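Enquirer: The structure that follows is given in the form of structure tokens.
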Amino acid sequence: MSTLLLALQAAGWSRVLLCSVSTQCYRTMSSQKLLVSPPPPLLQPLSVPDRLLLGPGPSNPPPRILSAGGRQLIGHMHKEMIQIMDEIKLGIQYAFQTKNPLTLAVSGTGHCAMEAAVLNMVEQGDKVLVAVNGFWGERVTDIAKRLGAEVHQLVKNPGEYFTLEEIEKGLIQYAPFLFFITHGESSTGVVQPLDGLGELCHRYNCLLLVDAVASLGGTPVLMDQQGIDILYSGSQKVLSAPPGASPISFSNRARKKIYNRKTKPSSFYLDMEELAKYWGCDDNPRKYHHTAPINTFFCLREALAALAEKGLENSWKLHKENSLYLCEGLQKLGLKLFVKEPDARLPTVNTVFIPEGYDWKEITEYIMKNHGIEVSGGLGASAGKVLRIGLMGYNSTKFNVDRVLRALEDALQHCLKNKL
Ligand code: GLV
């Protein structure tokens, strides 16, 4: 080491300064062994296959939405971004058919919106009634219990929906402050009628919370007219946007409950009072809350714009027509639909029994491998019993129905041969 460096060291100069003048020190640093090497797969190009996604979601985004996601970033508090967030709010109000000021998109998937809905409403010891006719009621039961709520369930068989009379009995028996129901049960393919439900709940001083993740844009949901107090959805189904930004809205009744909570919600990230300030849902100046997934918001904006251009009524009609066309085709193949009542069939996620002697996994894997199409098995109580075929948003076309029917026919022949 040079006399100069020795002198500096003796004078107590920092190691950093020494490093900047000592080549020997560079050598010492680079010879430190890293415990984790650059992972070889990451040194290869990104590989994403082209697939037609006809499961319960996500659905394929159209080029317009994909390219929105690839636009250059802007700052999350820039005025242009705030304008885009305002447009998203308007788009959600249109899609939900609501004038609620507390309407926004949470930065997360539809599941995140579900958690946001429940955790903002529920406090320790609150009584909650949950309608369970598939997977999502069970999931909300779990979330509400984690929050310390007293949770009761109204249970129906998968494939059935609830009547107003059955719900009224539950409201009388349990006197909950919140009633949860799934509009589009993606695990079973059932659509729940909503007319009269809000009025019924309010008669018993109960707020109505509705999951419309699988139904929004595919079959009518009219938040204000149906008296829904809390409504949420996702972006990856009928909206055909990537998952990650999810619409949610609260009626003024629900908002009052939030603003009068005894305790703060357990999550800061999903605290609606804070999010309302970030989204400009009150009269106060916008306040930083978190850094939004900016490009995911671009995609959601474009998805909502596409829905507004098409019109809700056209979108509902199209989903119904294509679902009917699929159901006809499935029956022609000799398959049996899971939901008996035609009006109760969800047009976005269609469920069909797995025919006797077949293994659902073999069918779905065959279709994926040989036709590049995703169809899905059941979920929760429907697992092992049904196939779920999604026709959502950009993917809801007669052309895709023909493709999936051909693939299914081929799979049924092939997978049977495997067993003979
Ligand atoms: C997801 O929403 C599913 O139904 O699998």
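Enquirer: So is V191 within 16 Å of the ligand (Cβ to nearest atom) and in contact with a His (Cβ under 8 Å, 6 or more places away or on another chain) or not?
Expert: Yes, satisfied.
Enquirer: Starting from residues that are assigned to a loop (DSSP other than H, G, I, E, B) and open to solvent by 10 Å² or more (accessible area, probe 1.4 Å), keep the ones in the stretch 334-350 and report whichever is farthest from the ligand (Cβ to nearest atom).
Expert: Taking the candidates together, the pick is G334.
Enquirer: Identify, please: which residue in the stretch 49-61 is more than 18 Å from the chain's Cα centre (by Cα) and either open to solvent by 50 Å² or more (accessible area, probe 1.4 Å) or more than 19 Å from R388 (Cα to Cα) (or both) and is, among those, nearest to the ligand (Cβ to nearest atom)?
Expert: R51
Enquirer: Condition test on A254, is it touching a residue at least 24 places away in the same chain (Cβ under 8 Å) and under 10 Å from the mean Cα position of the chain (by Cα)?
Expert: So A254 does not fit the description; no.
Enquirer: Taking the residues in the stretch 160-193 that are part of a loop (DSSP other than H, G, I, E, B) and either modelled with pLDDT under 95 or open to solvent by 30 Å² or more (accessible area, probe 1.4 Å) (or both) as candidates, determine which candidate is farthest from S215 (Cα to Cα).
Expert: Among those that are part of a loop (DSSP other than H, G, I, E, B) and either modelled with pLDDT under 95 or open to solvent by 30 Å² or more (accessible area, probe 1.4 Å) (or both), it is A175.
Enquirer: Just to check your reading of the model, which residue among V128, V132 is within 20 Å of A254 (Cβ to Cβ), among the β-branched types (V, I, T) and assigned by TED's automatic domain parsing to the domain that holds S186?
Expert: It is V128.
Enquirer: Among the listed residues K89, K79, K99, identify the single one that is closer than 19 Å to A276 by Cβ, among the charged types (D, E, K, R) and open to solvent by 60 Å² or more (accessible area, probe 1.4 Å).
Expert: K99
Enquirer: Name the residue that is farthest from the chain's Cα centre (by Cα), counting only residues in the stretch 194-245 that are within 16 Å of the ligand (Cβ to nearest atom) and surrounded by fewer than 24 Cβ atoms within 10 Å (Cβ to Cβ).
Expert: That would be T219.
Enquirer: Condition first: open to solvent by 40 Å² or more (accessible area, probe 1.4 Å), away from the ligand (no atom under 16 Å from the Cβ) and at positive phi. Now tell me which residues in the stretch 351-389 satisfy that.
Expert: G357
Enquirer: Between V118, V130, which is touching a Gly at 6+ places or on another chain (Cβ under 6 Å) and either of a type in the set (V, I, T) or at negative phi (or both)?
Expert: Selected residue: V130, the only one of V118, V130 that is touching a Gly at 6+ places or on another chain (Cβ under 6 Å) and either of a type in the set (V, I, T) or at negative phi (or both).
Residue-wise test of (1) among the aliphatic types (A, V, I, L, M); (2) within 16 Å of the ligand (Cβ to nearest atom); (3) open to solvent by 10 Å² or more (accessible area, probe 1.4 Å).
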{"site": "I65", "(1), (2), (3)": "yes, no, no"}
{"site": "G70", "(1), (2), (3)": "no, no, yes"}
{"site": "T103", "(1), (2), (3)": "no, no, no"}
{"site": "L119", "(1), (2), (3)": "yes, no, yes"}
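Enquirer: Residue by residue through the stretch 390-399, note down the ones that are buried (at least 24 other Cβ atoms within 10 Å of the Cβ) and either more than 11 Å from the ligand (Cβ to nearest atom) or part of a loop (DSSP other than H, G, I, E, B) (or both).
Expert: L391, M392, G393, N395, S396 - these are the residues of the stretch 390-399 that are buried (at least 24 other Cβ atoms within 10 Å of the Cβ) and either more than 11 Å from the ligand (Cβ to nearest atom) or part of a loop (DSSP other than H, G, I, E, B) (or both).
Enquirer: Can I ask one more? Quick one: is L346 in contact with an Asp or Glu (Cβ under 8 Å, 6 or more places away or on another chain), over 27 Å from I181 (Cα atoms) and not assigned by TED's automatic domain parsing to the domain that holds P220?
Expert: Judged against the criteria, L346 is not a match.
Enquirer: Do we have any residue at all in the stretch 146-162 that's in contact (Cβ under 8 Å) with a residue 24 or more places away in the chain, of a type in the set (S, T, Y) and within 16 Å of the ligand (Cβ to nearest atom)?
Expert: no
Enquirer: Determine if the stretch 400-418 includes at least one residue that is within 16 Å of the ligand (Cβ to nearest atom), closer than 24 Å to H183 by Cα, assigned to a helix (DSSP H, G or I) and open to solvent by less than 60 Å² (accessible area, probe 1.4 Å).
Expert: no
Enquirer: Can you name the number of the only condition in (1) on the phi > 0 side of the Ramachandran plot; (2) open to solvent by less than 20 Å² (accessible area, probe 1.4 Å); (3) touching a Ser or Thr at 6+ places or on another chain (Cβ under 9 Å) that G311 fails?
Expert: (3) is the only condition that G311 fails.
Enquirer: To continue, here is another question. Within the stretch 148-159, how many residues turn out to be open to solvent by 40 Å² or more (accessible area, probe 1.4 Å) and within 28 Å of K262 (Cβ to Cβ)?
Expert: Final tally of qualifying residues: 3.
Enquirer: Among residues belonging to the stretch 246-256 that are farther than 17 Å from E115 by Cβ and in contact with a strand residue (DSSP E or B) (Cβ under 9 Å, 6 or more places away or on another chain), point out the one that is farthest from the ligand (Cβ to nearest atom).
Expert: Ranking the qualifying residues of the stretch 246-256, first place goes to R253.
Enquirer: Which condition from (1) on the phi < 0 side of the Ramachandran plot; (2) modelled with pLDDT of 95 or more is the one that Q97 breaks?
Expert: The one condition Q97 does not meet is (1).
Enquirer: Regarding the stretch 230-245, can at least one residue be identified that is basic (K, R), farther than 28 Å from L387 by Cβ and either modelled with pLDDT of 95 or more or not assigned by TED's automatic domain parsing to the domain that holds D271 (or both)?
Expert: No, there is no match, as no residue in the stretch 230-245 is basic (K, R), farther than 28 Å from L387 by Cβ and either modelled with pLDDT of 95 or more or not assigned by TED's automatic domain parsing to the domain that holds D271 (or both).
The values are calculated or read from the model by the stated rules, or taken from the named source; none is laboratory data. Quantities reported herein were computed from a predicted structural model and do not represent experimental measurements. Quick reminder, even Gly has a Cβ in these numbers, built from the backbone with ideal geometry, and neighbours come from all protein chains shown. Note: accessible area is taken over every heavy atom of the protein model, side chains too, but ligands, DNA and RNA are not part of it. Shrake-Rupley method; radii C 1.70, N 1.55, O 1.52, S 1.80 Å.
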